[in-house]
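Quick note: the coordinates plus some simple rules give every number you see, no bench work behind them. Everything numeric here is computed off the predicted structure, so don't read it as measured data. Glycine gets a Cβ as well: all are built from the backbone with ideal geometry, and neighbour counts include every protein chain shown.
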Amino acid sequence: MEELVRLAAFEWLQKQTEYDDVISRSILERGFEFQGVRITLVGPSGIWKPRVFSSIPLSITTTPKGPYEDSITEDGFLIYKYRGTDPFHRDNVGLREAMRKKIPLIYFHGIVPGRYLAVWPVFIIEDDPALLSFVVAVDERSSIQRLVETDVVSEDYYRRKYITSTVKSRLHQRSFRERVLAAYRNQCTFCRLKHSELLDAAHIIADGSEWGLPVVSNGLSLCKIHHAAFDRHLVGVSPEYDIVVRKDLLEEIDGPMLKHGIQELHGQRLILPGSKGEWPDRDRLSLRFDEFRRVI
């Protein structure tokens, strides 16, 4: 029964995250029905076991600014802190049993309040009672099918290390996007478009540069058209938060999209976050605006 529920949870998550791998807590708390039983994927405890499970959890969760400081091992795997300080708390024992039996779990990483990056399957690969923590590795989705067919999961260290590293990169990108969009109240800072599936978090200074930190003050919430226009220096933003359209584009005659979508932005002011501490950094805007002016 538990194995069937676990597989059903993986399939349900696959559908829920088909277009966006960040999912709301309310959806996870509501869960899905399996053979007339409601299966929830998260709960009050970060180590979550639905009522129909006897001992091994279904998921592990971290929350933004939560009480447990999860981090990364030297080998690049995830560290998940015990629940409390008792190694024999039933939740910690459940994860230890998952490690022993090689049972796949779901990992929900809190990005902003109420929003989680969903990662699965993950496996507990090490237990460290001295540090009150477990080591967690992410594996490929096909490992779930291998588990069903053979009851054994290949413990390929390098494969899991690589896959875990890609998840960390996703987490970095998705965390930046969610925080930027939340600061701008899920709308384009140029045109107020509010459909989040059409919004991006644009870097003012490119990721990887000295000033390209993944902080809200280095981001702009832009719809996909305006993100492309900003990246290609068709549109710039001054350190005074004014939108500037490239001169040749202002003089071009085309259809209504160019006129209303781009040209009419010229001279408009950014729609800024409610918190002044999240406004675009003027020094970064100045550097980016210098690049824009060199193009025009």
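Once Cα extents along the principal axes in Å is worked out from the coordinates, which option in (1) 68, 41, 37; (2) 68, 42, 34; (3) 73, 69, 32 does it equal?
(2)
Search the structure for amide H atoms under 5 Å from the amide H of Q268, placed 1.01 Å from N in the peptide plane, and list their residues when 5 or more places away or on another chain.
For Q268, whose amide H was placed from the backbone, the distant partners under 5 Å are I243.
Step through the residues of region 24-41 one at a time and calculate ³J(HN,Hα) from phi using the Karplus curve (6.51 cos²θ - 1.76 cosθ + 1.60, θ = phi - 60°), rounding each to whole Hz and writing x for Gly and Pro.
In residue order, the calculated couplings are 7, 4, 4, 5, 5, 5, 6, x, 8, 9, 10, 6, x, 10, 7, 10, 9, 9 Hz.
Show that you can apply the helix-only estimate: for the chain, add -39,500 (n - 2.57) for every DSSP H stretch of four or more residues, divide by all residues, and state [θ] at 222 nm to the nearest 500. Please list the in-between numbers first.
Numbers: 9 runs with 102 residues, N = 296.
Calculated from helices alone, the mean residue ellipticity at 222 nm is -10500 deg cm²/dmol.
So how much slack lies between K276 and Q173, counting 0.36 nm per residue of separation and subtracting their Cα-Cα distance, in nm?
Values: separation 103, 0.36 × 103 = 37.08 nm, distance 2.30 nm.
Result: 34.8 nm gained on full extension.
If every alpha-carbon in region 166-296 counts as one equal scatterer, what log10 I(q)/I(0) does Debye give at q = 0.19 1/Å?
Results for region 166-296 at q = 0.19 Å⁻¹ read -1.07.
Enumerate by residue number the trypsin sites (Lys or Arg not before Pro) in region 1-43 meeting two conditions: DSSP loop (anything except H, G, I, E, B), and at most 10 other Cβ atoms within 10 Å of the site's Cβ.
none
When only DSSP loop residues count, what GluC sites (Glu not before Pro) in region 1-76 have their Cβ near at most 16 other Cβ atoms within 10 Å?
E18, E69, E74
Within region 204-296, report the GluC sites (Glu not before Pro) that DSSP leaves as loop and that have at most 16 other Cβ atoms within 10 Å.
E210, E240, E252
Quick one, can you get me the convex hull of the C-alpha atoms of region 199-273 expressed as volume per residue in Å³?
On the way: hull volume 7.3 nm³, N = 75.
Expressed per residue, the convex hull around the Cα atoms of region 199-273 is 97 Å³.
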